[in-house]
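See structure below.
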């Protein structure tokens, strides 16, 4: 496929390189400004597939605190206090 693109572009090889880079930049721009924003609401990132009996909580850690996005929130109450859970 790339050979076909290279053969169809007009001009000597330096012009073809510039044209290929321009086509790549336009493709990336279209993906990030049109395609990805259109697809993002349709992806099931927020759908919970495991119920509470499976050990996954619906409460998630807030983004920006270094936690993995979508990771279950963990309570740190009593950690480091020397208490042994019963």
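So for the range 7-25 (the condition being surrounded by 10 or more Cβ atoms within 10 Å (Cβ to Cβ), modelled with pLDDT of 75 or more and in a loop (DSSP other than H, G, I, E, B)), does at least one residue qualify? Yes, because at least one residue in the range 7-25 is surrounded by 10 or more Cβ atoms within 10 Å (Cβ to Cβ), modelled with pLDDT of 75 or more and in a loop (DSSP other than H, G, I, E, B). Could you check, for the range 26-38, whether at least one of its residues is in a helix (DSSP H, G or I) and either touching a helix residue (DSSP H, G or I) at 6+ places or on another chain (Cβ under 8 Å) or exposed (fewer than 10 other Cβ atoms within 10 Å of the Cβ) (or both)? There is at least one residue in the range 26-38 that is in a helix (DSSP H, G or I) and either touching a helix residue (DSSP H, G or I) at 6+ places or on another chain (Cβ under 8 Å) or exposed (fewer than 10 other Cβ atoms within 10 Å of the Cβ) (or both).
Residue pairs whose Cβ atoms lie under 8 Å apart, separated by 6 or more positions or on different chains, with the first residue in the range 23-37 and touching a residue at least 60 places away in the same chain (Cβ under 8 Å) and the second surrounded by 11 or more Cβ atoms within 10 Å (Cβ to Cβ) and assigned to a helix (DSSP H, G or I), do not occur.
The values are calculated or read from the model by the stated rules, or taken from the named source; none is laboratory data. Since the structure is predicted, the reported quantities are computational estimates derived from the model, not experimental observations. A quick note on method: Cβ atoms are made from the backbone with ideal geometry, for glycine too, and the neighbour counts reach across all protein chains shown.
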